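Colleague: One structure follows; several queries about it will come next.
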Amino acid sequence: MGGWKAKRFWQDVSVAQDAGGFAVMLDTRRVLTPGKQPLILPTPAMARAVAAEWAAQDGEIKPLTMPVTRAANSAIERVRPQRAEVAAMLAAYAETDLTCHRAAGPAELVARQAQAWDPLLDWAATAHGAPLIPTTGVLPVDQPPDSLRALADHVAALGEFHLTALHDLVTLSGSLLLGLATSARHLDPETAWALSRIDEEWQIEHWGRDEDADAAMEIKRAQFLQADAFWTMCAAD
C-alpha cells in the first residue's frame with residue numbers, strides 16, 4: 001500500500017508581514033516547516049518566491065518542485081540550531097581549498113589552473129585580507145593562520161539563511177573562495193561553476209564524455225544556481 005501523500009487544500013496564497021519577517025498564507029493558515037515551526041522568511045522577495053511555489057502546486061504537493069521552500073525549511077530547522085558548527089565546517093574548506101591544489105603537470109593544465117584560480121587568490125587577499133598559498137598535489141599545505149581566521153570570522157557573521165545558501169555554493173564547488181566570490185558578486189554563478197570544473201573539463205577533453213557523469217554534474221550545476229538565487233533573496237527587498 002502506498003503512503004499518504006499531501007494534496008492541495010487551499011484556494012489562495014498570499015504573503016503577510018510578521019513581527020519577525022514575512023509569512024506565507026494558504027487561505028488563512030500560515031505555512032509551517034515540516035517540523036511545525038513557523039516558516040518566517042527574512043525578505044519580501046523570498047516570501048514571494050515561496051508563495052509562488054505553493055501557488056504552483058496542483059493536486060499532490062511535490063516538495064522537489066519547491067527549492068526555495070526547502071532551502072528556507074533547512075535554514076530554520078537545520079542551520080539555525082547549529083549555526084556555529086555549520087559556519088566552522090564551511091570555513092574549514094579554506095584549509096584545503098580547491099583553488100589552492102594545483103596539478104604538477106602537464107604544463108597546459110598547470111597554466112589553465114593558474115589562469116583560472118590565481119585571480120581568485122588575489123581577490124581573497126584583497127577583499128578579505130586572507131592570502132592563501134597554492135600547492136601541488138593532494139597533500140594540504142599549512143595556510144596562514146591569520147587568513148584562515150579572517151575567512152572564518154566572515155562566515156561566522158552570517159545568519160542562517162545566508163549560511164544555507166553559502167553551504168551549497170561551497171560544498172558543490174569544493175571551494176570556500178568560489179562560494180564567497182559568488183555571494184559577493186565578484187563572480188557570476190555560471191563563471192564560478194566553470195572555475196570549479198577546470199580539472200573535470202580537462203579530463204573530458206582527453207578521455208571523452210560520460211553521459212551519466214554529465215547528467216549528475218548538470219544536477220549539481222542547477223543546485224549551485226539555485227543556491228545563488230537563494231542568497232540573492234536573502235537580501236532583496
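The values are calculated or read from the model by the stated rules, or taken from the named source; none is laboratory data. Note that this is a predicted model, so its numbers are computed, not measured. With ideal geometry, Cβ positions are generated from the backbone for all residues, glycine too; neighbour counts draw on all protein chains shown. Surface accessibility is based on the protein's heavy atoms, side chains included, excluding ligands, DNA and RNA. Shrake-Rupley method; radii C 1.70, N 1.55, O 1.52, S 1.80 Å.
Colleague: Taking Pro131 as meeting all but one of (1) crowded, with 18+ Cβ neighbours inside 10 Å; (2) over 30 Å from Val15 (Cα atoms); (3) in contact with a helix residue (DSSP H, G or I) (Cβ under 7 Å, 6 or more places away or on another chain), write down the number of the exception.
Modeller: (1)
Colleague: Looking at the range 44-60, which of the residues that are under 18 Å from Arg30 (Cβ atoms) and open to solvent by 30 Å² or more (accessible area, probe 1.4 Å) is farthest from the chain's Cα centre (by Cα)?
Modeller: Only one residue tops the list, namely Ala55.
Colleague: Taking only the range 39-62 into account, find how many residues are farther than 13 Å from Trp10 by Cα and hydrophobic (A, V, I, L, M, F, W, C).
Modeller: 9
Colleague: Please specify each residue of the range 16-30 satisfying the condition of being of a type in the set (A, V, I, L, M) and open to solvent by less than 60 Å² (accessible area, probe 1.4 Å).
Modeller: Ala16, Ala23, Val24, Met25, Leu26, listed by residue number.
Colleague: Let me ask you something else. Take residues that are in contact with a strand residue (DSSP E or B) (Cβ under 9 Å, 6 or more places away or on another chain) and tell me which of the helices (runs of 4 or more DSSP H) falling wholly in the range 13-99 contain 2 or more.
Modeller: Per the criteria, 44-55, 67-74.
Colleague: Could you pull out the residue among Leu176, Leu169, Leu151 that is over 28 Å from Glu108 (Cβ atoms), of a type in the set (A, V, I, L, M) and within 14 Å of the chain's Cα centre (by Cα)?
Modeller: None of the others qualify; the one that does is Leu169.
Yes/no matrix, rows are residues, columns are (1) out of contact with any helix residue (DSSP H, G or I) (no Cβ under 6 Å at 6 or more places or on another chain); (2) surrounded by 14 or more Cβ atoms within 10 Å (Cβ to Cβ); (3) assigned to a loop (DSSP other than H, G, I, E, B); (4) of a type outside the set (A, V, I, L, M, F, W, C):
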{"residue": "Thr171", "(1), (2), (3), (4)": "yes, yes, no, yes"}
{"residue": "Leu177", "(1), (2), (3), (4)": "no, yes, no, no"}
{"residue": "Ala192", "(1), (2), (3), (4)": "no, yes, no, no"}
{"residue": "Glu205", "(1), (2), (3), (4)": "yes, no, no, yes"}
{"residue": "Arg209", "(1), (2), (3), (4)": "yes, no, yes, yes"}
{"residue": "Ala213", "(1), (2), (3), (4)": "yes, no, no, no"}
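Results for (1) in contact (Cβ under 8 Å) with a residue 12 or more places away in the chain; (2) on the phi < 0 side of the Ramachandran plot; (3) out of contact with any Ser or Thr (no Cβ under 6 Å at 6 or more places or on another chain), shown as yes or no for each residue.
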residue: Gly137; (1), (2), (3): yes, no, yes
residue: Val141; (1), (2), (3): yes, yes, no
residue: Asp146; (1), (2), (3): yes, yes, yes
residue: Arg149; (1), (2), (3): no, yes, yes
residue: Leu169; (1), (2), (3): yes, yes, no
residue: Ser175; (1), (2), (3): yes, yes, no
residue: Ala181; (1), (2), (3): yes, yes, yes
residue: Asp188; (1), (2), (3): no, yes, yes
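Colleague: Out of Arg185, Arg197, Arg221, report the one residue that is at pLDDT 95 or above and surrounded by fewer than 15 Cβ atoms within 10 Å (Cβ to Cβ).
Modeller: Arg185
Colleague: Is it fair to say Pro67 is out of contact with any Asp or Glu (no Cβ under 7 Å at 6 or more places or on another chain), under 25 Å from Leu225 (Cα atoms) and modelled with pLDDT of 95 or more?
Modeller: Criteria met by Pro67.
Colleague: Of all residues in the range 76-103, count the ones that are hydrophobic (A, V, I, L, M, F, W, C), surrounded by 19 or more Cβ atoms within 10 Å (Cβ to Cβ) and closer than 30 Å to Leu121 by Cβ.
Modeller: Of the residues in the range 76-103, 8 are hydrophobic (A, V, I, L, M, F, W, C), surrounded by 19 or more Cβ atoms within 10 Å (Cβ to Cβ) and closer than 30 Å to Leu121 by Cβ.
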